[in-house]
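Here's the structure, in structure tokens; my notes come after.
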Amino acid sequence: MQLSCLCFLPHSSLFKQCLTYDNSRQASRFRATKRNHDRPSMRRLPAQIRKDIKGLFDNYQKACTLADLMLYSLGKPDIVADCCEDSAIGYKQPGSVSVHVSALEELDPLLRLYEGCANRTIGRLDGATIIKFYARKPQISYLFYPDFDTNPHPALHTSMHIDLRDLSVSYHDFSDVYNPPILVRKKAFVTASYPHYDKFAKLTRQEEKLGILDRGAVKKHRELVKCLEENCVKIKDHKLFWRSNADPEKLKMLQKAASERQARKIEVNAGKSERTAEDRGWERRGRGSYVFKRGRIVMGASHICKNTYSGS
């Protein structure tokens, strides 16, 4: 069961208020608002939710209290930032994490709640492929890549940006743009269970080996075309191939550089693997457990938490 689903019983305006009011007034306003948004009695809930509540919580009131605390915590920017930075799923950039819509249910419960509130309040972009969470500002973006599965580096077609402070929305259409933004490292946006994960991962490995994705040089379509030409490769069916007309001497240099880059990567990874779970500070928690992590509630079935301490 998703604890966050209780935050939507009924649809709550707490979300907007938690993002709008300053912290000095939030607690009192939260308590006052909560009284005006009573949830239905437990007997009026769907049978499956009632069953889950009985199995996971002492009582309905405790479940609702935890749900309200989760919702209230979204008003603290550092908590959302921690969720983004700590996420094991998604493509991370400075200040954001982006995931494919199919991976949404695998995210931290607070990020799912964050997106759920925006989705229920404003709505989601039709055909949205990617959801982008911002770590340092209350904003969510929905991005539409119509050929995500078939194009190795799909071009952005439409974007929808929601400012969660005032619920304003902006749209951008890239369908006629000559040099649109593209996606790289598609495997990072999806989970390993995604149907095309293996071929996404293989292409990413090939591109990393050649250094095509180094320093974030490729962000738009024309940059990709130029980069592929400079590296004497082409992409077909999510695989890199050397160009048949490539200069032999340049090809040798590129192959040597790729081998050296791969050797350095293996050396670095070997060093990382020597660290123990204790050195990394990981702590495994059992199914149905709740702990506080830097001021936020972490829930999970065999959830792995880092640097946690029990809260009361």
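The values are calculated or read from the model by the stated rules, or taken from the named source; none is laboratory data. What you are looking at is a predicted structure, and each value in this text was computed from that prediction instead of being measured. Cβ coordinates were reconstructed from backbone atoms using ideal geometry, including for glycine residues, and neighbour counts include every protein chain displayed. For the accessible areas, the whole protein counts, side chains as well, though only heavy atoms, and no ligand, DNA or RNA atoms are used. Shrake-Rupley method; radii C 1.70, N 1.55, O 1.52, S 1.80 Å.
Give me the number: length gained by fully extending Lys236 to Ala270, i.e. 0.36 nm times residue separation minus the C-alpha to C-alpha distance, one decimal in nm.
Gain on stretching Lys236 to Ala270: 9.1 nm.
At 7 Å along the Cα-to-beta-carbon direction for both Ala258 and Thr121, put a label point, then send me their distance in nm to one decimal.
So the label points at Ala258 and Thr121 sit 4.8 nm apart.
For Cα pairs less than 8 Å apart in space and 6+ apart in sequence, what is the mean separation divided by the residue count of segment 170-265, i.e. the relative contact order in percent?
Relative contact order comes out at 27 percent.
Any idea what the relative contact order of segment 36-165 is, in percent, if you count C-alpha pairs under 8 Å spaced at least 6 apart?
After rounding, I find 18 percent.
For segment 119-234, give the percent of accessible area contributed by carbon and sulfur heavy atoms, probe 1.4 Å, rounded to a whole number.
47 percent
How big is the gap, in Å, between the Cα center of segment 89-121 and the Cα center of segment 51-66?
A separation of 24 Å, based on Cα centres.
Could you give the nm distance between label points at Asn245 and Gln61, where each point is 7 Å from its Cα heading toward the beta carbon?
7.8 nm
Considering only protein heavy atoms, what per residue accessible area in square angstrom results for segment 118-223 with a 1.4 angstrom probe?
Dividing the accessible area of segment 118-223 by its residue count gives 49 Å².
Using a 7 Å offset from the Cα along the Cα-to-Cβ direction at both Lys219 and Val177, what is the distance between the two label points in nm, to one decimal?
Placing both labels 7 Å beyond Cα along the Cβ direction yields 1.1 nm.
Just round it to a whole percent: the fraction of Cα-Cα distances in segment 83-156 exceeding 15 Å.
53 percent
Longer than 23 Å from Cα to Cα, which of Lys137/Lys187; Lys92/Lys236; Lys132/Lys220; Lys92/Lys220; Lys187/Lys239 are they? Say none if no pair is.
Lys137/Lys187; Lys92/Lys236
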